[in-house]
Amino acid sequence: GESVGLHLPTLSVQEGDNSIINCAYSNSASDYFIWYKQESGKGPQFIIDIRSNMDKRQGQRVTVLLNKTVKHLSLQIAATQPGDSAVYFCADLQGGKLIFGQGTELSVKP
Amino acid sequence: EPEVTQTPSHQVTQMGQEVILRCVPISNHLYFYWYRQILGQKVEFLVSFYNNEISEKSEIFDDQFSVERPDGSNFTLKIRSTKLEDSAMYFCASSDGVRQQETQYFGPGTRLLVL
């Protein structure tokens, strides 16, 4: 079936290090992906998106990589800060609805 | 910066009671959505709404659920007879554009607890 999954449920990094959060998807027809950040008790917050005609997109301190061959998506956060601590979800837009992965909880150690 | 707002932030209700969750989407957005997140689980799609009608709904969105846009700004989710398993965070989202391939922006959520 259609699904979006994440490789690791938790990730712990040292403040200042780079973080990489991975995501796999199964639907070959998927063409739009979004990373969301969810802090405790809050709604998902848009971070960055990428369409299937691209393999890389950069934002402020964040980069998303898309490998359509292996159906893999990653989010890279440069110089991770304590404020980056949250659960990160990749989501795949299918026919107007978002299909979310399970989420990776990022913890940043001072 | 425009944002999606939701009320109430928390709602406690007895099983079998009706609840209405309210959302004010971003003002120039055309597509509206409800999602839910059971504690510790991933966010799940419930329903999408465009041009005053449901565009798509999931298996979760059964006859106990309904959505309405009663005026030009509010978007509501009604659960007619709540069940224990309806306890979850409910998120409203909205997106812009004539195509559905637009980023969805989420509200802060309503935490529903059914006792």
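The values are calculated or read from the model by the stated rules, or taken from the named source; none is laboratory data. Predicted model only: the values in this text are computed from it and were never measured. Every residue, glycine among them, receives a Cβ derived from its backbone with ideal geometry; neighbour counts consider all protein chains shown. The area values use the complete protein model at the heavy-atom level, side chains included, leaving out ligands, DNA and RNA. Shrake-Rupley method; radii C 1.70, N 1.55, O 1.52, S 1.80 Å.
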Along the range B:5-20, Karplus-curve 3J(HN,Hα) (6.51, -1.76, 1.60; θ = phi - 60°) to the nearest Hz, with x for Gly and Pro, reads 10, 9, 9, x, 6, 9, 9, 10, 9, 8, 3, x, 7, 8, 10, 10
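To the nearest 100 Å², how much accessible surface do chains A and B hide from each other in total, with a 1.4 Å probe?
Chains A and B together bury approximately 1700 Å².
How many Å² of accessible area per residue for the range B:5-114, probe 1.4 Å? Provide the component values of the computation, followed by the final result.
On the way: 5360 Å² over 110 residues.
Accessible area per residue, the range B:5-114: 49 Å².
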Might you work out the accessible area of B:GLU18 for me, using a 1.4 Å probe with all protein chains in place, and round it to the nearest 10 Å²? 100 Å²
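Share of the protein assembly as shown's accessible area from carbon and sulfur, percent, 1.4 Å? Before the final figure, lay out each step's value.
On the way: 5160 of 11120 Å².
That fraction is 46 percent.
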Accessible surface, the range A:51-110, averaged per residue in Å² (probe 1.4 Å): 47 Å²
³J(HN,Hα) across the range B:75-83 via Karplus (A = 6.51, B = -1.76, C = 1.60, θ = phi - 60°), whole Hz, x for Gly/Pro? 9, 10, 10, 10, 10, 6, 9, 5, 10
For the range B:23-45, list residues with backbone N below 14 Å from a point placed 7 Å from the Cα of B:GLN11 toward its Cβ? B:23-24, B:34-37
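In nm, what is the difference between 0.36 nm times the number of residues separating A:PHE46 and A:ALA29 and their Cα-Cα distance? Intermediate values should be presented prior to the final figure.
Working: separation 17, 0.36 × 17 = 6.12 nm, distance 2.22 nm.
In short, 3.9 nm is gained.
Assign unit charges at the C-beta atoms only (+1 for Lys and Arg, -1 for Asp and Glu), then state the dipole size of chain B relative to its Cα centre in Debye, rounded to the nearest 20. Intermediate values should be presented prior to the final figure.
On the way: 10 positive and 15 negative charges, 47 e Å.
My answer is approximately 220 debye.
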Would you mind finding the longest exposed-site-free stretch of chain B, with exposed trypsin sites (Lys or Arg not before Pro) meaning DSSP loop and at most 14 other Cβ atoms within 10 Å? B:1-79
Give the long-range amide H neighbours of B:SER87: residues separated by 5 or more places, or on another chain, with amide H under 5 Å away, using H modelled in the peptide plane at 1.01 Å from N. B:VAL114
Nonlocal amide H pairs with A:GLU15, under 5 Å, H built at 1.01 Å: A:LYS109
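Give me the percent relative contact order of the range B:39-109, please, defined on Cα pairs under 8 angstrom at least 6 residues apart.
That works out to 18 percent.
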Just want the answer: with Cβ charges of +1 for Lys and Arg and -1 for Asp and Glu, which residue in A:VAL64, A:LEU106, A:LEU11 is farthest toward the dipole's positive end in chain A? A:VAL64
Each residue of the range A:40-49 in turn: what ³J(HN,Hα) in whole Hz from Karplus with 6.51, -1.76, 1.60 and θ = phi - 60°, glycine and Pro shown as x? 4, x, 10, x, x, 10, 4, 10, 7, 10
